[in-house]
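Notes for the one structure printed next.
The values are calculated or read from the model by the stated rules, or taken from the named source; none is laboratory data. On a predicted model such as this, the values are computed, not experimentally measured, just so you know. Counting neighbours? That spans all protein chains shown, and the Cβs are built from the backbone with ideal geometry, glycine included. These area figures cover heavy atoms from the full protein model, side chains too; ligands, DNA and RNA do not enter into them. Shrake-Rupley method; radii C 1.70, N 1.55, O 1.52, S 1.80 Å.
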Amino acid sequence: MEQTRTVTTFCKLCEKSVSFEILVKERKKYPFAFINYHGDPIHALIVYIDNEYVARGSELAEEFERVQQP
């Protein structure tokens with residue numbers, strides 16, 4: 001079974017903490033960017049995660065397109 005870690009950050013649009021699971025694996029560089037979709041209306045948060053799987057910063061994506069697989 002693949003190992004995951006819980007990452008928590010603050011979403012300025014929701015004005016609350018957001019937590020999500022992320023797969024533990026070797027990355028090319030740290031911190032790395034991870035995109036989390038959440039909320040109502042749905043929006044995207046770009047989270048920068050370090051090698052200890054701690055959020056080191058985040059920003060809202062001003063625009064995005066969520067593509068559904070056929």
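Tabulated results
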| read-out | value |
| --- | --- |
| Candidate aspartates and glutamates - alpha carbon under 16 Å from Lys28, same-chain residues fewer than 8 apart omitted | Asp50, Glu52 |
| Relative contact order [Cα under 8 Å, 6+ residues apart], the chain, whole percent | 26 percent |
| Percent carbon-and-sulfur accessible area, the chain, ignoring ligands, DNA and RNA, probe 1.4 Å | 48 percent |
| In order through the range 59-65: 3J(HN,Hα) via Karplus (6.51 cos²θ - 1.76 cosθ + 1.60), integer Hz, x for Gly, Pro | 8, 7, 6, 5, 9, 7, 10 |
| Positive minus negative residues near Glu2 (Lys, Arg vs Asp, Glu; Cβ under 15 Å) | +1 |
| Average accessible surface area per residue within the range 19-70, 1.4 Å rolling probe, Å² | 77 Å² |
